[in-house]
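Q: Here you go, one structure.
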Amino acid sequence: MIEKNGDQGSVNADSKSELFRRLPSVDELMRGDAVRAIVSRAGHGATVEVVRVLLEDMRLRIAKDAMTEQQISAAIKDAPQTIERQLQEAMAFSLRPVINATGVILHTNLGRAPLGREALQHATEVSQGYSNLELDLATGERGERDVHVDRLFVKLLGDTGGEVTTIVVNNNAAAVLLTLNALAEGGEVIVSRGELVEIGGSFRIPDVMAKSGAVLREVGTTNRTRISDYEQAINERTKLLLRVHRSNFEITGFTEQPSLESLAALGRKRGILLMEDLGSGDIFDLREVGVYGEPTIGASLRAGVDVVTFSGDKLLGGPQAGLISGSRELVAKIRGNPLFRALRVDKMFYAALEATLLAYLREDYHSLPTLRMMRLTEEAIDERAEHLMRKLRISSPQLYIAVVATRSVIGGGSAPGATLPTRALAVSSPDISADSIAQQLRAWAMPIIARVEEGRVLLDLRTVEPAQDAEILKAMESLTRA
């Protein structure tokens, strides 16, 4: 028995060695006409890497007795197609456009505010060649990049009681960090305990302040802070009073908060600057669409705030940016801080922001996707939803399709608690779970991101562009075929 087993082991070893010998080398595969054609398209290095991985996978399968001689021959014959496919997968873009059917207008995971067509066109025009980013065309001398948007903010913010200027950095956290460092490094900044917010990614106001070199001085309680709390906390080290807009949560019930006017008056009385972190950055009066409690940038400046920071890609509806608006003297001091250069943005952001602001000046709100989605009426969304439902019931009879009333949210750390009435397509199936349907929609060529509620997939059409309806129909039909 021992000899028999030994003989069998020897036979297996010989057979496996023969299978290994049938594998071509990397060079042999690379010399084939089909693979050489792939190299001309994808490059030598990338192709060699895929070839090596392919051969190593075959060696591992042979070692595990998971590959026969016939399978090896077939794999070698199909190697060019396999290499081509794997290269396409490896070299495809990871960052892709998706269809947002969640009903969350400013969805942080999906890139927040979608840009308008003019913003994209202007960014393309100034990026594909050279531009006058820092050139004064009138004098031929070096200029400042902020002028392209500052001139527009001056008009949009209106009469604020003084000369206001605006500069741009890469996001609002950077704007807060830079402003605190420039105006309060080494000194104390007084903040209400109810405003020590945490933004996305676990970044907190106290952490940003610590990095700025300023010292946090908490006053009041979580739900109630009075003007007297600020006044009693002021000392010789106080550099700033800071108001942080609670843009991503609400405190209701037994609450108290001093007005901006009273804080500004206290600041003037004691010779201390007042800064406000508005976060969401609202220029458009959201009361027109039924959203209340979101302060506008201009209103804060008119109330006496010395410097305001806000985002470009939230309620403003532009590219990711942090904006700092305030008196010319203060903003010049902030701009002169060495951190400004490290945090500034490039020509594409200025171009997209400039086009966005020009749309506001023209009152062309329809051209700004964020505002267009917020302004959509319930009746208009219902009409689209009914039309899609009728088509889907014909093309995908195996699915249960209904139009349901639900609520969209602003999202993106803006207007917490505010919702907008909407309509959604509710999709379910006796054969496919809601989670599986949602997963298959995400795997579609143009990924469709929906939400699952009560065993159904909901596609909220408020955040779906009408031109994307056809893609939803095709994706649903593919579910039926699967």
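Q: Of the residues that make up region 381-398, is at least one at pLDDT 95 or above and in contact with a Pro (Cβ under 7 Å, 6 or more places away or on another chain)?
A: There is at least one residue in region 381-398 that is at pLDDT 95 or above and in contact with a Pro (Cβ under 7 Å, 6 or more places away or on another chain).
Q: Condition (residue is hydrophobic (A, V, I, L, M, F, W, C), on the phi < 0 side of the Ramachandran plot, touching a helix residue (DSSP H, G or I) at 6+ places or on another chain (Cβ under 6 Å) and at pLDDT 90 or above) applied to region 135-152: is it met by at least one residue?
A: Yes, there is a match, as at least one residue in region 135-152 is hydrophobic (A, V, I, L, M, F, W, C), on the phi < 0 side of the Ramachandran plot, touching a helix residue (DSSP H, G or I) at 6+ places or on another chain (Cβ under 6 Å) and at pLDDT 90 or above.
Q: Restrict the check to region 124-134 and report whether at least one residue is farther than 30 Å from R328 by Cα and either among the charged types (D, E, K, R) or touching a helix residue (DSSP H, G or I) at 6+ places or on another chain (Cβ under 7 Å) (or both).
A: yes
Q: Residues to consider are L115, L106; find the one that is in contact with a Lys or Arg (Cβ under 7 Å, 6 or more places away or on another chain), closer than 30 Å to A424 by Cβ, surrounded by 12 or more Cβ atoms within 10 Å (Cβ to Cβ) and not small (G, A, S).
A: Within the list L115, L106, the selection yields L106.
Q: Could I ask something else about it? Tell me the helices (runs of 4 or more DSSP H) entirely within region 366-482 that contain at least 1 residues that are within 20 Å of E288 (Cα to Cα).
A: 369-375, 378-395
Q: Of the residues that sit in region 135-159 and are under 23 Å from S311 (Cα atoms) and without any contact (Cβ under 8 Å) to a residue 60 or more places away in the chain, which one is surrounded by the most Cβ atoms within 10 Å (Cβ to Cβ)?
A: D150
Q: Follow-up question, since we're still on this one. Looking only at region 108-121, which residues are at pLDDT below 95 and over 21 Å from L357 (Cα atoms)?
A: Correct list: T108, N109.
Q: Exactly one of these conditions fails for A101: (1) touching a strand residue (DSSP E or B) at 6+ places or on another chain (Cβ under 7 Å); (2) surrounded by fewer than 15 Cβ atoms within 10 Å (Cβ to Cβ); (3) hydrophobic (A, V, I, L, M, F, W, C). Give me its number.
A: Condition not satisfied by A101: (2).
Q: Okay, next question. Across region 122-149, which residue is farthest from L358 (Cα to Cα) among those that are aliphatic (A, V, I, L, M) and not in a loop (DSSP other than H, G, I, E, B)? It would help to see each step written out before you state the result.
A: Of all residues in region 122-149, those aliphatic (A, V, I, L, M) come to 123, 126, 133, 135, 137-138, 147, 149.
If we keep only those that are not in a loop (DSSP other than H, G, I, E, B) too, we end up with 123, 126, 135, 147, 149.
Values: A123: 14, V126: 16, L135: 21, V147: 14, V149: 9 Å.
Ranking the qualifying residues of region 122-149, first place goes to L135.
Q: I've got another one for you. I'm checking my understanding of the structure. Among residues of region 215-260 that are among the hydrophobic types (A, V, I, L, M, F, W, C) and at pLDDT below 85, which one is nearest to I205 (Cα to Cα)?
A: F249
Q: Given L54, L95, L87, which one is among the aliphatic types (A, V, I, L, M) and loosely packed, with under 12 Cβ neighbours inside 10 Å? So that I can check it myself, show each step before the final result.
A: Numbers: L54 fails: loosely packed, with under 12 Cβ neighbours inside 10 Å; L87 fails: loosely packed, with under 12 Cβ neighbours inside 10 Å.
It is L95.
Q: How many residues are of a type in the set (V, I, T) and modelled with pLDDT under 90 when one looks only at region 411-431?
A: So the answer is 1.
Q: While we're here: Check D460, D435 and return the single one that is surrounded by 15 or more Cβ atoms within 10 Å (Cβ to Cβ), among the charged types (D, E, K, R) and at pLDDT 95 or above.
A: D460
Q: Follow-up question, since we're still on this one. Taking the stated definitions as given, is A42 at pLDDT 90 or above and in contact with an Asp or Glu (Cβ under 9 Å, 6 or more places away or on another chain)?
A: yes
The values are calculated or read from the model by the stated rules, or taken from the named source; none is laboratory data. Predicted, not measured: the structure shown is a model, and the values here were computed from it. Note that each Cβ is placed from the backbone with ideal geometry, even for glycine, and that neighbours are counted across all protein chains shown.
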